[in-house]
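Values quoted throughout were computed directly from the atomic coordinates according to the rules given, and no laboratory measurement underlies them. This structure is a prediction, so every number in the text was calculated from the model and none was measured. Ideal geometry is used to build each Cβ from the backbone, glycine not excepted, and the neighbour counts take in all protein chains shown.
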Amino acid sequence: MMSTHEKTYTTKANFMLHGGDYNPDQWLDRPDILADDIKLMQLSHTNTFSVGIFAWAALEPEEGVYNFEWLDKVIDDIYSIDGRVILATPSGARPAWMSQKYPEVLRVNGARVKQLHGGRHNHCFTSPVYREKTQKINRLLAERYGSHPALLMWHISNEYGGECHCDRCQGAFREYLKKKYNNDLKFLNDAWWGPFWSHTFTDWSQIESPSSIGESMVHGLNLDWRRFVTDQTIDFFENEIVPIKELTPDVPITTNFMADTHELIPFQALDYSKFAKHLDVISWDAYPAWHNDIESTADLAMRVGFIDDLYRCLKQQPFLLMESTPSMVNWHPVNKAKRPGMHLLSSIQMVAHGSDSILYFQWRKSRGSSEKFHGAVVDHDNSSDNRVFQDVAEVGKTLEKLSGVVGTNRPADVAILYDWESNWALNDAQGFGLKTKRYPQTLVQHYRAFWEKDIPVDVITKEQDFAAYKLLVIPMLYLVSEETISRLKSFVAGGGTLVTTYISGLVNEHDLTYLGGWHKNLQEIFGISPVETDTYYPEDKNTVSYQNRSYELKDYATIIKLNGATVEGTYKEDFYANTPAVTSHSYENGKAYYIGGRLEDQFHRDFYQEIINDLELQPAFSVKHEKGVSVQVRRAPESDYIFVMNFTEKKQPITIESLVKDLVTGEDVSGELILERYEVRILENKK
Ligand code: GAL
């Protein structure tokens, strides 16, 4: 029986949200266009709009002079067609008058250069003026719209990120450190390994945030700065929501999270596991570059699924896709149109992994400035006849049939652990291969083994309950506290199966290495001690023999000293040829595996297949198919909702063994079916 985390949340909606960022403030002198918007919204099968995200200059054109009438009309008009509103606070971008009058709202960068007004997402998180101004406007918004029947949720600011190094932020950082280190500089110097290069501080005022023109080598400082930036961002957010909580305690609050877009990995700069605790609902902005020239559609889909599963698990409840593009973005190196079928497929994939919405950036394409060629539901032609608009309407019609899915979670017996702090510390570590650490990508490599077999995975963070899973995978968990080590030990002792890899368990929460060899609890669990980690040049080769097959190794090979573990695989080359590369060890009621080298995907497929067999792990619903098709499930008490998705450019035969209902056509289906390229089928299996 798979564990299901059955928490639900309320957006005050029992339907799938469909719509997106609506920026009528760009069109206030065109009432004809605003009237067209309302007509087009009805034709597009959309129902929910995020408004006011960047509207501060329209709401408060001069300090203390407010203009809400346009927003009143927009919200009323949306409600008149039975639409709903996600109301944003405008702090993501500020009016020019504010930067001019109060330069303290502007950021100072790491090189201590004060920034000019411009762009967005660039205010100082500590500035008392900015905090006061945001609270003021948020209070006015909450007073005016808090009881509007269209209001579904709050969208606080936009894509919080970045950092400020101004004097106020330095002061706040020092206060943060004093609190953390009990006002004891010795404690801080010890944690930061102060005597190294004479970096012992004798007064709190000597401490500065990391800088390219100052300190960047004290790892403890860097790590604490990253923690502070997360905490200060959350602190700013908490300040923003004071009036909102006071005036609208029943309206859920979200802010839109991001991914790092270069390779589509989870957002690195803020520890979202901390931020999640302050939100009612997780939402994120997903912009995968479909049809790119470096990876298959299926590989990209898998990486999207990984981030979805991580963000969903931040609260163990459905999340919202807050932004996506109905066609293309304007900032990928090449901005390719979604091929026919891809818009529905990529949207439904988000639902399959836990989203209760498909929302876009943006409703109507801007006429000027940097986003005038970014995809939108309504193009410059103002028409409902074009392909993109029709694709959106198709998604809308499909979502209208999925109200049963709303609020349901996904079942999983397998968890992969993602840790922001460990990633920061690992990236900071001068050692190993400077370009080959690739922590998030390594986790995805492990995720692949399950994704390809349709075995659902929760991607969890370290404070979550390990005991809810049969298998916990913790690749490259470089930084791990004593406390987490004890919890891992209890997990295995209690019957759990644990898998780790090279470069795990090396430093504690201060980024100080463990002394006396690998932590004794880890040695006990795994029955080994990793003694040296060899790093490879791209042309270096080695192989590992595992179950009489050979697997290629790259980047890392850890030399292992046995201390009770069974050897499952050995290195074939180099001075450590024939020594253990993969081990297993029974510890109390559970089992622990160590993978010493970075091995090819086929190794993971075969290695995890053994564990899947041992633990009798199953797909949540079984569909026979070839590579590139993915089957994901959302589970309600009475029904499983099954999403069968063809992420290939070919027709794919699939076989469904039981009788299920197609939620779109209403027909019963079973047996062999053909999926067209990019086709998705949504099925219901009533229990
Ligand atoms: C997001 C942002 C939106 C829009 C979009 C374009 O990161 O929140 O406002 O700029 O990117 O893809």
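Between beta-carbons, use under 11 Å as the cut-off and find the net charge around Ser327, counting Lys and Arg +1, Asp and Glu -1.
+3
Rounded to whole Hz and in sequence order, give me ³J(HN,Hα) for the stretch 256-262 from the Karplus expression 6.51 cos²θ - 1.76 cosθ + 1.60, θ = phi - 60°, writing x for Gly and Pro.
Each residue's phi maps through the Karplus curve to give 7, 7, 10, 10, 7, 8, 3 Hz.
Taking 0.36 nm per residue of separation and subtracting the Cα-Cα distance, what length does fully extending Glu483 through Lys186 add?
That pair, Glu483 and Lys186, stretches by 104.6 nm at full extension.
Along the stretch 546-556, what does the Karplus equation 6.51 cos²θ - 1.76 cosθ + 1.60 (θ = phi - 60°) give for ³J(HN,Hα), rounded to whole Hz, x for Gly and Pro?
9, 6, 6, 10, 10, 10, 6, 10, 9, 6, 9
Treat the count of other C-beta atoms within 10 Å as a stand-in for reagent exposure and order Phe196, Phe361 from fewest to most.
Phe196, Phe361
Taking only pairs that are 8 or more places apart or on different chains, how many Lys pairs in the stretch 366-515 have Cα atoms under 25 angstrom apart?
Working: Lys437/Lys462; Lys453/Lys470; Lys462/Lys470; Lys462/Lys489; Lys470/Lys489.
Eligible lysine pairs with Cα atoms under 25 Å apart amount to 5.
So if each residue of separation counts as 0.36 nm, and I subtract the Cα-Cα distance between His121 and Lys245, what length gain in nm does that give?
That works out to 42.3 nm of additional length.
In nm², what is the average projected area of the convex hull enclosing the Cα atoms of the stretch 228-332?
7.7 nm²
Roughly how big is the chain's charge dipole about its Cα centre, with Cβ charges of +1 (Lys, Arg) and -1 (Asp, Glu), in debye to the nearest 20?
The calculation lands at about 240 debye.
Can you list residues whose amide H is under 5 Å from Gly597's amide H, if they're 5+ apart or on another chain and H is modeled 1.01 Å from N?
The list, which skips near neighbours in sequence, is Tyr502, Thr558.
Suppose every K and R has +1 on its Cβ and every D and E has -1 on its Cβ; what is the size of the dipole of the stretch 122-237 about the Cα centre, in Debye to the nearest 20?
That gives the stretch 122-237 a dipole magnitude of about 400 debye.
Only helical DSSP H runs with n ≥ 4 go in: add -39500 (n - 2.57) per run for the chain, normalise by residue count and round the 222 nm mean residue ellipticity to 500 deg cm²/dmol.
Computed mean residue ellipticity for the chain: -9000 deg cm²/dmol.
Where the centroid of each part is defined by its Cα atoms, how far is the stretch 547-565 from the stretch 475-525 in Å?
Measuring centre to centre over Cα atoms gives 19 Å.
Scan the stretch 116-161 for trypsin sites (Lys or Arg not before Pro) in coil per DSSP, keeping those whose Cβ has at most 15 other Cβ atoms within 10 Å, and list them by number.
Arg120
Using θ = phi - 60° and the Karplus form 6.51 cos²θ - 1.76 cosθ + 1.60, what ³J(HN,Hα) does each residue of the stretch 568-581 get, whole Hz, x for Gly and Pro?
Once rounded to whole Hz, the list reads 9, x, 10, 6, 9, 10, 6, 5, 9, 4, 6, 9, x, 10.
Positive end of the dipole of the stretch 11-98, charges at C-beta (+1 Lys, Arg; -1 Asp, Glu), about the Cα centre: which of Asn47, Ala13, Pro95 has its Cα farthest in that direction?
It is Ala13.
Put +1 on the Cβ of each Lys and Arg and -1 on the Cβ of each Asp and Glu in the stretch 483-574; which of Ile525, Asn508, Gly495 then has its Cα farthest toward the positive end of the dipole?
Of the listed residues, the answer is Gly495.
With Rg and the Kirkwood Rh both taken from Cα atoms, where does Rg over Rh land for the stretch 1-125?
1.10
Of Leu417, Thr436, Leu152, which is farthest along the charge dipole of the chain in the positive direction, counting Lys and Arg as +1 and Asp and Glu as -1 at C-beta?
Thr436
With 10 angstrom as the radius, rank Tyr594, Tyr536 by how many other C-beta atoms surround their C-beta, starting from the fewest.
Tyr536, Tyr594
Using 0.36 nm times the number of residues separating Glu263 and His199, minus their current alpha carbon distance, what extension gain do you get?
19.4 nm
Sort 73-79, 446-452 for me by packing, meaning the mean count of neighbouring Cβ atoms within 10 Å per residue, highest on top.
With the highest mean Cβ count within 10 Å placed first, the list reads 446-452, 73-79.
At a 10 angstrom cut-off on C-beta neighbours, averaged per residue, how do the peptides 580-592, 606-618 rank from highest to lowest?
Final packing ranking: 580-592, 606-618.
Which FRET efficiency, nearest 0.05, do Asn613 and Lys541 yield, Cβ-Cβ r, R0 30 Å?
0.50
In whole angstrom, how far apart do the alpha carbon centroids of the stretch 648-685 and the stretch 190-240 sit?
That distance is 54 Å.
Would you mind working out the magnitude of the charge dipole of the stretch 1-123 relative to its Cα centre, with +1 at each Lys and Arg C-beta and -1 at each Asp and Glu C-beta, to the nearest 20 Debye?
Rounded to the nearest 20 debye, it is 740 debye.
Using Cα pairs closer than 8 Å and at least 6 residues apart in sequence, work out the relative contact order for the chain, in percent.
Relative contact order here is 12 percent.
Looking at the square roots a ≥ b ≥ c of the eigenvalues of the Cα gyration tensor of the stretch 472-515, which shape do they give, rounded for a/c under 1.5, prolate if a/b is larger than b/c, or oblate?
Oblate shape, in that a/c is at least 1.5 and b/c is the bigger or equal ratio.
Lysines within cross-link reach of Lys101: Cα-Cα under 25 Å, excluding same-chain residues under 8 positions apart?
Once the sequence-local lysines are set aside, what remains near Lys101 is Lys114, Lys133, Lys136.
What is the packing order of peptides 634-644, 98-108, 377-387, taking the mean over residues of other C-beta atoms within 10 Å and listing the highest first? Intermediate results must be reported in sequence, preceding the final value.
Details: 634-644: 20.3, 98-108: 17.7, 377-387: 15.0.
Result, highest mean first: 634-644, 98-108, 377-387.
Under 5 Å between amide hydrogens, which residues at least 5 positions from Val664 or on another chain qualify, with H placed 1.01 Å from N in the peptide plane?
Ile682
Assuming R0 = 60 Å, what is the FRET efficiency of Arg387 and Phe575, from their Cβ-Cβ distance, to the nearest 0.05?
The pair Arg387/Phe575 has a calculated efficiency of 0.50.
Could you list Thr254, Thr579 in order of exposure, starting from the residue whose Cβ has the fewest other Cβ atoms within 10 Å?
Sorted ascending by nearby Cβ count, the order is Thr579, Thr254.
What is the set of long-range amide H partners of Asn47 at a cut-off below 5 Å, with H atoms built 1.01 Å from backbone N?
His18, Gly19
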